[in-house]
Amino acid sequence: MMSTIPLAAYLILTAIMFFAGVYGFLSRRNMLTILMSLELMLNAADINFVVFNKYLYPGQLDGAFFALFAIGVSAAETAIAIAIIINIYRNIKNIYVDEVSKMKY
Amino acid sequence: MMSYTLIIVVLPLLMFLFLGLLGSKMKPVVAGIIGTIGMSAVTLLSWFTAATYFFSVGKVGETFQAIVPINFEWLRFTDKLHIDLGILLDPISVMMLVVITTVSLMVHIYSFGYMKGERGFQRYYALLSLFSFSMLGLVVATNIFQMYIFWELVGVSSYSLIGFYYTKPSAVAASKKAFIVTRFADLFFLIGILLLSFYSGTFSFDALTAPTGSILGKTITDTFMGWSVISWAMMLIFIGGAGKSAMLPFHIWLPDAMEGPTPVSALIHAATMVVAGVFLVARMFPVYYFGAPEVLTIISYIGAATALFAAIVACTQTDIKRVLAFSTISQIAYMITALGVSGYGGHEGLGYMASMFHLFTHAFFKALLFLGAGAVIHAVHSNEMDSMGGLRKYLPITHITFLIACLSISGIPPFSGFFSKDEILVAAFDQNKFVFASLYISAGLTAFYMFRLYYRIFWGNSNKVYKHTPHESPVSMSIPLIFLATLTLVVGMIPFSEFISSDKTVFHTHIEWSIASMSILVGVVGIVLATVMYRKENSLPDKIATTFKVLYTSAYHKFYFDEVWMFVTQKVIFNGISKPIAWFDRHVVDGFMNLQSTATNYVSRKIKFVQSGEIQDYAWAFIMGTVVIISLLIFI
C-alpha cells in the first residue's frame with residue numbers, strides 16, 4: 001500500500017515543509033515562531049531520511065535510526081532554546097528577535 | 001704562579017655584592033667596617049704582589065717579564081678572534097694595583113668621618129667596592145676588550161657615585177653629564193678596538209704590543225684619508241682615553257663631577273679613574289710608537305694644550321674642589337704629554353717612565369689634596385673660598401698635610417711631585433720645545449693656583465668670624481691625611497726607572513739639574529706671586545683681574561667650552577640632525593603606519609553595516625549564498 005505512493009510525492013512534501021520553515025525563519029519576529037520554523041525544517045529533513053531509507057535501502061534501518069536520533073537532539077535543542085527565550089523575555093519583556101541587540105556593539 | 005692575585009680583583013666584587021644586597025640590613029658602621037676590612041686585605045695583597053713581582057719573580061736579568069697567572073676564554077668569535085678574561089701582571093699594572101688599593105683604602109677609612117650620618121652610607125661603601133673592583137679589573141686586563149668591559153664598569157660606578165646625593169638636581173645633572181660625555185668618547189674607543197682587532201686579528205695586549213707581534217711585525221698597507229688604518233684605530237682609541245682622562249675637548253664633565261662626595265672625587269676623579277686614559281696609552285705604547293707615531297705627536301700637543309688651558313682656568317675658579325678638578329686635568333695632561341713625547345727603549349723612553357712616575361706620585365698628593373679639601377669642607381660646610389680664611393689655626397693637621405701636597409704639586413724638592421715633574425720636563429725638553437714651553441708655563445701656573453688655594457683657605461682673612469667654630473676633623477679623617485702626606489714625602493725617592501720603562505728593561509736616570517733648577521725657579525716664582533697676592537687680603541688680585549678683564553672673564557667661564565658644547569649639541573646637532581630625523585620618523589615612518597591603520601579603520605567603518613547583528617539577515621545571506629553555490633554547481 002505504501003509503495004503506491006511515489007518517492008517524488010514525499011520529496012515534494014518535504015520540500016514544501018522545508019521552505020515553509022525557511023520562510024518562517026526569515027520573516028517572523030517572534031522567537032517562538034522562529035523556533036517552530038526551525039523544527040519544521042528539521043522534521044522535513046527527518047522525513048527525507050526515513051523516505052530515502054525506505055526506498056533506496058529497504059533492508060536497512062540506518063536512516064530510521066538517524067531520524068530518531070535527530071528527533072532526540074532537536075527535543076533537547078528546543079528545551080535549551082525555550083530556556084533562552086524565557087531568559088530574554090525576563091530581561092527585555094518581549095521576545096522579538098530584532099529587539100535583542102544588546103550584544104551587537 | 002701568583003694566581004692569588006685573582007683575590008685582589010674578586011674580593012671587592014664580593015664585597016660589593018654583599019654590601020649591596022645585605023647592606024641595608026646592617027648598621028651603617030658595620031657595613032663600613034666590613035668594606036674597609038675587605039679593602040685592607042686587598043691592599044695588603046697588592047703590596048705583597050708588588051714586592052714579589054718587582055723583587056723576585058718579575059725580574060729576569062735586566063728585564064721585567066709579563067706574568068699571566070690566569071687567563072680563560074670567555075667569548076669566541078672566530079678561530080683567531082676571541083675575548084679572554086684574565087690577569088696580566090707587568091710593571092705598570094702592578095704599580096696601578098698598589099696605587100688603586102692604597103688610595104681606595106685611604107678613602108674607605110676617611111669616609112667613616114666624612115660620610116658619617118649620611119643617608120645611604122651602606123650604598124656608598126658598596127659602590128666604592130664596585131668601583132675598586134672595576135678599576136682593578138681594568139688595570140690587570142690581559143686584552144683590550146676586557147679593558148673595555150671594565151672601562152665601562154668604571155664609568156657606571158663613577159656615574160652612581162657622582163650622583164650619590166641623588167636628591168640634589170645638580171648632582172643628578174653632573175652624573176648624567178659625566179656618563180654621557182665619557183660614553184660618547186667610549187664609542188670611538190669601541191670603534192678603535194674593533195678596527196684594530198680586525199686588522200691585527202687579536203685583542204691580546206701580549207700579541208699587540210710585542211715589537212715583533214702580529215700587528216707591528218706585518219705591514220698593514222690599508223690607508224684611509226692619508227693615514228694608515230692602524231693610526232686611525234689608535235687615534236680612536238686615544239679619543240676614548242681622552243674622554244675618561246678629561247683631555248680637551250672632553251674635559252667638561254670633570255669639574256661638574258665634583259658634585260659627588262669629596263672622598264669619591266679623591267678616589268675616582270683624582271687618583272684612579274681619570275688616569276685610565278693615561279694607562280691605556282701606556283699599555284698600548286709600543287703600538288703607538290711603532291704603528292702610529294703621528295698619533296703620538298697629536299697626543300703630545302693635545303696634552304700640552306690641555307695642561308696649559310686647565311692651569312689657566314684653575315687660577316680663576318673660586319670653588320676649591322673645582323680648582324682641584326682643573327688641577328687634576330692639568331696634571332693628567334702632563335702624563336699624557338709625557339707619553340706623547342716619549343721614545344721607546346732605554347733612556348729614549350724617559351717620557352714613558354716619567355708619565356708613570358707622575359701618575360704614581362700624583363695619585364697620592366692629589367688624593368691628599370682632595371681629602372684635605374674634604375676636611376676643610378667638613379669644617380666650614382662650604383666649597384667657596386670666600387667663606388674660608390685663616391683656617392690654619394683651627395685645622396693644624398689638615399693645614400700641614402695640605403701644605404705638603406701643595407709643595408709637592410708645585411714641584412718643590414724634596415717632595416715627590418718635583419721628581420716626577422722634572423722627568424716629564426726633561427723628556428719634553430729633549431723632544432719638542434713647544435710642548436716643553438707649554439708645560440713649563442703650566443708648572444708655574446700650577447704653583448700659583450695651588451698656593452692661591454692654600455692661602456685663601458688657610459691664611460687670607462685671618463680674622464674671619466665663623467658661625468660655628470671650625471674644628472679639626474675626626475681621627476678617621478686625619479689618619480689618611482697623615483699617611484698620604486708621608487707617602488708624598490717619600491715616594492719621590494723611588495728610583496722609578498729601575499722598575500718601569502717603555503720596553504720593561506731597567507735603565508738609570510739622574511736628575512738633570514739644568515732643567516730641574518728651571519722648574520724649581522718657575523715653581524718658586526708662582527709661589528711668591530701667590531704669596532704676594534693672597535697671603536694677606538688685599539686689592540691686588542682684583543686689580544689684576546680688571547687689567548686682564550677679557551682673559552680673566554673667559555678663564556672664569558672655563559673658556560666657554562661648556563657653552564660651545566651646548567651650542568654644538570643643542571643648536572647644531574639637535575636642530576640640524578636630530579630634528580630632521582625626528583621629523584622623518586614622525587611623518588614618514590610613523591606616517592606610513594598611521595596611514596595603514598587609518599585606511600583599515602575607514603574601510604571597516606564603511607562595511608560594518610554588513611554585520612547587522614540580526615540573525616535573520618545572516619540566515620538570509622547564508623541561504624542566498626547556498627542557493628548561488630548550488631546553482632553554480634548545477635548549471636556550470
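A few remarks follow.
- Across the stretch B:160-179, the number of residues qualifying as crowded, with 21+ Cβ neighbours inside 10 Å and under 14 Å from residue B:132 (Cα atoms) comes to 1.
- Applying the condition of being more than 11 Å from the chain's Cα centre (by Cα) and part of a helix (DSSP H, G or I) to the stretch B:250-260 and asking which residue is nearest to residue B:369 (Cα to Cα) yields B:258.
- Identity of the residue in the stretch B:180-205, among the polar types (S, T, N, Q) and modelled with pLDDT under 85, that ends up surrounded by the fewest Cβ atoms within 10 Å (Cβ to Cβ): B:202
- Comparison of B:19, B:97, B:89 shows that the only residue that is in contact with a strand residue (DSSP E or B) (Cβ under 6 Å, 6 or more places away or on another chain), at pLDDT 85 or above and surrounded by 15 or more Cβ atoms within 10 Å (Cβ to Cβ) is B:89.
- Residue B:26 satisfies every condition listed in (1) out of contact with any Leu (no Cβ under 9 Å at 6 or more places or on another chain); (2) in contact (Cβ under 8 Å) with a residue 60 or more places away in the chain; (3) of a type outside the set (D, E, K, R); (4) surrounded by fewer than 18 Cβ atoms within 10 Å (Cβ to Cβ) except (1).
- Residues that are farther than 15 Å from residue B:290 by Cβ and polar (S, T, N, Q), drawn from the stretch B:333-369: B:337, B:355, B:361
- Residue B:436 meets all of the listed conditions (1) in contact (Cβ under 8 Å) with a residue 12 or more places away in the chain; (2) surrounded by 15 or more Cβ atoms within 10 Å (Cβ to Cβ); (3) out of contact with any Asp or Glu (no Cβ under 8 Å at 6 or more places or on another chain); (4) of a type outside the set (Asp, Glu) but one, namely (1).
- The helices (runs of 4 or more DSSP H) found wholly in the stretch B:261-318 and carrying at least 3 residues that are farther than 25 Å from residue B:39 by Cβ occupy B:293-314.
- Matching option when the condition is over 30 Å from residue B:455 (Cβ atoms), within 14 Å of chain A (Cβ to nearest Cβ) and surrounded by fewer than 12 Cβ atoms within 10 Å (Cβ to Cβ), among B:615, B:634, B:630, B:623: B:630
- Total residues in the stretch A:22-37, condition within 11 Å of another protein chain (Cβ to nearest Cβ) and either touching a helix residue (DSSP H, G or I) at 6+ places or on another chain (Cβ under 7 Å) or not hydroxyl-bearing (Ser, Thr, Tyr) (or both): 9
- Inside the stretch B:563-614, residues that are at pLDDT below 90, of a type in the set (A, V, I, L, M, F, W, C) and within 30 Å of residue A:26 (Cβ to Cβ) make up a count of 3.
- Within the stretch B:599-612, considering residues that are within 12 Å of chain A (Cβ to nearest Cβ) and of a type in the set (S, T, N, Q), the one farthest from residue A:97 (Cα to Cα): B:611
- Some residue of the stretch B:56-74 being in a loop (DSSP other than H, G, I, E, B), out of contact with any Ser or Thr (no Cβ under 6 Å at 6 or more places or on another chain), free of Cβ contacts under 8 Å to residues at least 24 places away in the same chain and surrounded by fewer than 16 Cβ atoms within 10 Å (Cβ to Cβ): yes
- For the stretch A:51-100, a residue qualifies if it is away from chain B (no Cβ under 14 Å) and part of a loop (DSSP other than H, G, I, E, B), and the qualifying residues are A:57, A:58, A:59, A:60, A:61, A:93, A:94.
- Of B:33, B:37, all but one fail to be free of Cβ contacts under 8 Å to residues at least 12 places away in the same chain, in a helix (DSSP H, G or I) and surrounded by 14 or more Cβ atoms within 10 Å (Cβ to Cβ); the exception is B:33.
- Among (1) in a loop (DSSP other than H, G, I, E, B); (2) surrounded by fewer than 24 Cβ atoms within 10 Å (Cβ to Cβ), the one test that residue B:482 misses: (1)
- Test: residue in the stretch A:49-61 that is among the aliphatic types (A, V, I, L, M) and surrounded by 15 or more Cβ atoms within 10 Å (Cβ to Cβ): yes
- For the stretch B:100-149, the set of residues classified as buried (at least 24 other Cβ atoms within 10 Å of the Cβ), over 30 Å from residue B:72 (Cα atoms) and β-branched (Val, Ile, Thr) consists of B:107 only.
- Residue B:163 out of contact with any strand residue (DSSP E or B) (no Cβ under 6 Å at 6 or more places or on another chain), farther than 30 Å from residue B:504 by Cβ, at pLDDT below 90 and among the small types (Gly, Ala, Ser): yes
- Against the conditions (1) loosely packed, with under 10 Cβ neighbours inside 10 Å; (2) of a type in the set (D, E, K, R); (3) away from chain A (no Cβ under 14 Å), residue B:563 satisfies every one except (1).
The values are calculated or read from the model by the stated rules, or taken from the named source; none is laboratory data. Quantities reported herein were computed from a predicted structural model and do not represent experimental measurements. Cβ coordinates were reconstructed from backbone atoms using ideal geometry, including for glycine residues, and neighbour counts include every protein chain displayed.
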